[in-house]
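The values are calculated or read from the model by the stated rules, or taken from the named source; none is laboratory data. Bear in mind that the values here come from a model prediction, so they are computed numbers and not experimental data. Neighbour counts are summed over all protein chains in view; Cβ atoms, including those assigned to glycine, are modelled from backbone coordinates with ideal geometry. When the accessible area is computed, the model is the full protein with side chains, heavy atoms only, and any ligands, DNA or RNA have been set aside. Shrake-Rupley method; radii C 1.70, N 1.55, O 1.52, S 1.80 Å.
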Amino acid sequence: MPGSRILVVRLGAMGDVIHALPAVASLKHSFPHSRVTWVIRPRWMPLVEGNPFLDEVIPLDRTMRGIAGTWRRLRKERFDLAVDFQGLVQSALVAAAARPDKIVGFHRSQAWEGAAALFYSTGVMTNSAHIVDRNLELVTAAGASSLLRTFPLPDGTPEGQLPDGKFILASPLAGWGSKQWPLEMYQETARLLDLPLVLNGSPEAAEKLSQVRGAQVHISGIAGLIHATRRAYAVIGVDSGPMHLAAALGKPGVAIFGPTDPARNGPYGGSLRVLRSPHAVTTYKRRTSDETMRAVTPAAVIEALLAAVESKSTGCPA
């Protein structure tokens, strides 16, 4: 498809946008003379800033004025292909609004909302476990033949105060309470660590994070989080965007899992070690107990953290 116009749709959130980066890069790499446009929520645009595999980024906010503006921009161009990585009716409508010749998305049995597949000209049944690899299968079905497993993330921007030397970075909060490691665990971890523990969060999280004695609170936006993650010696994460950011940057550390399946949603690339209670039961229902997260102890986290750092320094797989 030389000279073709390709639209990709992944509106959010952080981890999901990061997981789509290799697939989008593969599209551009496979069709180097194409023009690739990404539709995304404004909140997540810092993740694709300066991306060498993108020609245009179109923000889609939630206001009627914003939706109308995006609709007009999409209708101005003639797209040959659209790929919906999100699998929602909303994202499928965005793809359809561009009137492409072809829309590729997940098979209705794998899309988050099966009705989204009604808008696709090609519904792809993927076989991989991890969502990064599923996204790569999606673009393969769309015609990509040169697959890249690369995460072209920006450098970030310094925000807030960080220690001058080595430190361990954690972002304790997640979209669901049941995916969070209890805050008191970070307090005990900070006591046991030989390096400073830095807790990152948004301004809204400042009060909650300040309850953790012995840890330094770092408040930032996405650009500041990217910079802090690049600077960190190692990370402690849960199933949330910041952990996937750390994995994409190849940082050593630990990913603590509870209700969600690390085979599908775990850290990609092997630099982070996964800790999960053997009694954990996979569920994507948000209102579940955090009991299995509590089963992971600070001592176990520090042991795995040290092993991950050692593996990184020796070049052995984590």
Relative contact order for region 116-252: what percent, with Cα pairs under 8 Å and sequence separation of 6 or more? 28
Using just the helices of the chain, give the 222 nm mean residue ellipticity in deg cm²/dmol: DSSP H runs with n ≥ 4 each add -39,500 (n - 2.57), and the total is spread over all residues, rounded to 500. -10000 deg cm²/dmol
For R5, residues with placed amide H under 5 Å, excluding near neighbours: R35, D80, L81
Contour minus Cα-Cα distance for T157 and A300 (0.36 nm per residue): 48.2 nm
Accessible area (Å², 1.4 Å probe, nearest 10) - H130: 20
Rounded, prolate or oblate: pick one for region 1-85, where a ≥ b ≥ c are the square roots of the eigenvalues of its C-alpha gyration tensor, a/c under 1.5 means rounded, and failing that, prolate if a/b is larger than b/c, else oblate. oblate
So for R0 = 22 Å, FRET eff. of S121-E49 from the Cβ-Cβ r, to 0.05, ends up at 0.10
How far is helix 298-314 tilted off the main Cα axis of the chain, in degrees rounded to 10, range 0 to 90? 70
By how many degrees, between 0 and 90 and to the nearest 10, does the Cα long axis of helix 14-30 differ from the longest principal axis of the chain? 50
Please give the FRET efficiency for H279 paired with W112, using the beta carbon to beta carbon distance and R0 = 30 Å, rounded to the nearest 0.05. 0.65
Indicate the gyration tensor shape class of region 4-146 (rounded, prolate or oblate), computed on the Cα atoms with a ≥ b ≥ c the square roots of the eigenvalues: a/c under 1.5 is rounded; otherwise a/b larger than b/c is prolate and the rest oblate. rounded
C-alpha long axis of helix 131-141 to longest principal axis of the chain, angle in °: 20
Centroid-to-centroid separation of region 217-270 and region 50-81 [C-alpha atoms, Å]: 29
Which value in nm describes the separation of the simple spin-label points at E207 and L183, placed 7 Å from the Cα toward the beta carbon? 1.0
Would you mind getting me the FRET efficiency between E56 and R149? Use the beta-carbon distance for r and R0 = 30 Å, nearest 0.05. 0.80
Sorting check: for 218-230, 104-116, which peptide has the highest mean count of neighbouring beta carbons within 10 Å, and how do the rest follow? 218-230, 104-116
Can you tell me the dipole magnitude for the chain around its Cα centre, using point charges on the Cβ only (Lys, Arg +1; Asp, Glu -1), in Debye to the nearest 20? 780
Gyration tensor on Cα atoms of region 72-195, a ≥ b ≥ c root eigenvalues, a/c under 1.5 rounded, else prolate if a/b beats b/c, else oblate, says prolate
Which peptide among 293-300, 10-17, 281-288 comes first, and what is the full order, when sorted by highest mean count of other Cβ atoms within 10 Å? 10-17, 293-300, 281-288
Formal net charge of residues neighbouring G201 (Cβ-Cβ distance under 11 Å; K, R +1; D, E -1): -1
Of the listed peptides 149-159, 55-65, 180-190, what is their order by residue-averaged count of other C-beta atoms within 10 Å, with the highest listed first? 180-190, 149-159, 55-65
Note to self: C-alpha centroids of region 148-202 and region 85-108 sit apart, in Å, by 35
With unit charges on the beta carbons (Lys and Arg positive, Asp and Glu negative) and the dipole taken about the Cα centre of region 1-116, which residue among I67, V48, A116 sits farthest to the positive side? I67
